[in-house]
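K.L.:
Below you will find the structure I want to go over with you.
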Amino acid sequence: MSRTRTSDVLVIGGGIIGLVTAWRAAGRGLATAVVDPEPGGGAAQVAAGMLAAVTELHHGEQTLLGLNLASARRYPDFAAELTELTGQDLGYRRCGTLAVALDADDRAHLRELHILQQQSGLESQWLSGRECRRLEPMLAPGVRGGLRVDGDHQIDPRRLAGALVSACERAGVVFHRVWAQRLTVTRDRAAGVVTADGTVLGAGQVVLAGGSLSGRFAGVPQDVLPPVRPVKGQVVRLTMPRRHGPFLSRTVRAVVRGSHVYLVPRESGELVIGATSEEMGWDTTVTAGGVYELLRDAHELVPGITELPLTETRAGLRPGSPDNAPLIGPTGLEGLLLATGHYRNGVLLTPVTGDALAHALTTGELPEEARPFTPRRFTTALTEQPA
Ligand SMILES: Cc1cc2nc3c(=O)[nH]c(=O)nc-3n(C[C@H](O)[C@H](O)[C@H](O)COP(=O)(O)OP(=O)(O)OC[C@H]3O[C@@H](n4cnc5c(N)ncnc54)[C@H](O)[C@@H]3O)c2cc1C
């Protein structure tokens, strides 16, 4: 039998993006609910948690850089607030990053990144191979040079997700632990969802934050449906020895034979090695080839990893968008907002997304810094195309 429960705001999806949205909305006094069979799950259970605004800079993504930096600036206060509220350690570590090159091609690629960073006013320092090894003695002798980026940090996304669930509970957010089956629309306005068990959840405003599944949520009009797709990433987790001096003291990353590889050392002793990037639909199989490539490339950077216990292999789905940037805020359907498409920077973008959505839910508009990420940029581009 269907029952109707209502709230001011209903968030579809309790990944880190949906959770931060719900937490911040509740903080503004809005009665908020989240619908998700497993809140705190999603891509955060796989992600490395690099907060890499500077080392993740790509040509053509300068607009996204502004949002990434705005979120990176918020992180110290955001992490402190969550920890104080929940008593949970988030594994937030201000350790910096070293991006290194193994051959002449990699070095040319890094040099280009360095120039782009300088043109964008970002702080990074070019180091020789010897200087890199002085900083991280476990690096391979063949490392030819690198970029030291002291502002790119890390957090443990699993702990972040757990803390956000607690913060939501403390703020009075209601959790419906069930799948949302379709959006309901009444008089051209989003009105809520029907869940898999037939419950009708009504809401003044609905936020679609379903990660890589957002692009195919039933009931959303075609011209409003976000163009989001799953991009598979495989990671492996090793355990570093506890001994004198750290195995690695900061995140180390490189492009090896055209593939990105990174090693993220946590204070807990976990070493996360990632990540593949595969367009395979919703497949989350861990493959021998994926694990082989990660370990092969990571071994070229840090040969000592082969001695470490292998504790976990896993694959997750990044919510990718056509321009690699998120879709945040009101849509062409009244009462429906999006918080999705965060692709490879969702952990980094969590604080700024929460603030932007809370602003949009209370004022109807995006704050200045989030305006370029309106979902309307895709529908406008479509309607402006010549016939
Ligand atoms: C391998 C890998 C490495 C990564 N590394 C980093 C990194 O180092 N730094 C970084 O910043 N980011 C990283 N990311 C990206 C980051 O993890 C994601 O961008 C972010 O977690 C996306 O969060 P989300 O809440 O939007 O989506 P998701 O985490 O996918 O959560 C979506 C939630 O919605 C729920 N849902 C979907 N449909 C429905 C429905 N119909 N009804 C109810 N619930 C629904 C799902 O159950 C899920 O819980 C990485 C991702 C991967 C896969």
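The values are calculated or read from the model by the stated rules, or taken from the named source; none is laboratory data. Since this is a predicted model, take the numbers as computed values, not measurements. Methodologically, a virtual Cβ is constructed for each residue, glycine included, from the backbone with ideal geometry; neighbour enumeration extends over all protein chains shown. The accessibility values were calculated without ligands, DNA or RNA, using every heavy atom of the protein model including side chains. Shrake-Rupley method; radii C 1.70, N 1.55, O 1.52, S 1.80 Å.
K.L.:
When only residues in the range 251-271 that are at pLDDT 90 or above and of a type in the set (Gly, Ala, Ser) count, which is nearest to Thr306 (Cα to Cα)?
P.N.:
Gly269
K.L.:
Report the residue count in the range 33-45 for those that are open to solvent by less than 10 Å² (accessible area, probe 1.4 Å) and not small (Gly, Ala, Ser).
P.N.:
Number satisfying all stated conditions: 2.
K.L.:
Among the residues of the range 254-265, what is the count of those that are crowded, with 20+ Cβ neighbours inside 10 Å and not β-branched (Val, Ile, Thr)?
P.N.:
The qualifying residues number 4.
K.L.:
So, one more: Which residue, of Leu69, Leu90, is surrounded by 13 or more Cβ atoms within 10 Å (Cβ to Cβ), at pLDDT 95 or above, in contact with a Lys or Arg (Cβ under 6 Å, 6 or more places away or on another chain) and not assigned by TED's automatic domain parsing to the domain that holds Gly341?
P.N.:
After applying the criteria, what remains is Leu90.
K.L.:
With the requirement that a residue be in a strand (DSSP E or B) and closer than 30 Å to Pro241 by Cβ, what does the range 273-323 give you?
P.N.:
Across the range 273-323, the qualifying residues are Ile273, Gly274, Leu310, Thr311, Glu312, Thr313, Arg314, Ala315, Gly316.
K.L.:
What residue, of Leu127, Leu208, is under 25 Å from the mean Cα position of the chain (by Cα) and among the hydrophobic types (A, V, I, L, M, F, W, C)?
P.N.:
Leu208
K.L.:
Right, another one. Could you grab me the full set of residues in the range 95-115 that are outside any helix (DSSP H, G or I), under 27 Å from the mean Cα position of the chain (by Cα) and surrounded by fewer than 22 Cβ atoms within 10 Å (Cβ to Cβ)?
P.N.:
Cys95, Gly96
K.L.:
While we're here: Which one of Leu248, Leu213, Leu208, Leu201 is of a type outside the set (Lys, Arg), outside the structural domain of Thr350 (by TED's automatic domain parsing), at pLDDT 95 or above and at negative phi?
P.N.:
Going through Leu248, Leu213, Leu208, Leu201 in turn, the sole match is Leu248.
K.L.:
Further question on the same structure: With the structure loaded, tell me whether Leu82 is within 8 Å of the ligand (Cβ to nearest atom), modelled with pLDDT of 95 or more and either more than 27 Å from Phe217 (Cβ to Cβ) or among the hydroxyl-bearing types (Ser, Thr, Tyr) (or both) or whether it fails that test.
P.N.:
no
K.L.:
Something else now. Restricted to the range 250-272, and to residues that are part of a loop (DSSP other than H, G, I, E, B) and in contact with a helix residue (DSSP H, G or I) (Cβ under 8 Å, 6 or more places away or on another chain), which residue is farthest from Arg133 (Cα to Cα)?
P.N.:
Taking the candidates together, the pick is Arg257.
K.L.:
Out of the range 182-214, which residues are of a type in the set (Lys, Arg) and under 30 Å from Asn324 (Cβ atoms)?
P.N.:
Scanning the range 182-214 gives a single hit, Arg182.
One line per residue, one yes/no per condition, for (1) buried (at least 20 other Cβ atoms within 10 Å of the Cβ); (2) within 18 Å of the chain's Cα centre (by Cα); (3) more than 23 Å from Pro137 (Cβ to Cβ); (4) not polar (S, T, N, Q):
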| position | (1), (2), (3), (4) |
| --- | --- |
| Asp197 | no, no, yes, yes |
| Gly202 | no, no, yes, yes |
| Ser212 | yes, yes, yes, no |
| Ala218 | no, no, yes, yes |
| Val252 | yes, no, no, yes |
| Ser277 | no, yes, yes, no |
| Gly281 | no, no, yes, yes |
| Leu294 | yes, no, no, yes |
| Ala298 | yes, no, no, yes |
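K.L.:
Let me ask something else about it. Can you find, within the range 293-350, the residue that is nearest to Gly219 (Cα to Cα) among those that are within 11 Å of the ligand (Cβ to nearest atom), out of contact with any Leu (no Cβ under 8 Å at 6 or more places or on another chain) and aliphatic (A, V, I, L, M)?
P.N.:
Leu317
K.L.:
Would the range 22-34 turn up any residue that is closer than 13 Å to Trp179 by Cα and more than 6 Å from the ligand (Cβ to nearest atom)?
P.N.:
Within the range 22-34, one or more residues are closer than 13 Å to Trp179 by Cα and more than 6 Å from the ligand (Cβ to nearest atom).
K.L.:
Kindly evaluate Glu136 against the criterion of being farther than 19 Å from Gly13 by Cβ, open to solvent by 70 Å² or more (accessible area, probe 1.4 Å) and away from the ligand (no atom under 16 Å from the Cβ).
P.N.:
no
K.L.:
Tell me, please, whether a residue that is within 17 Å of Leu135 (Cα to Cα), modelled with pLDDT under 95 and assigned to a loop (DSSP other than H, G, I, E, B) can be found in the range 226-244.
P.N.:
Yes; the residues of the range 226-244 include at least one that is within 17 Å of Leu135 (Cα to Cα), modelled with pLDDT under 95 and assigned to a loop (DSSP other than H, G, I, E, B).
K.L.:
Could we say that Gly18 is within 12 Å of the ligand (Cβ to nearest atom) and closer than 30 Å to Ala99 by Cα here?
P.N.:
In short, no.
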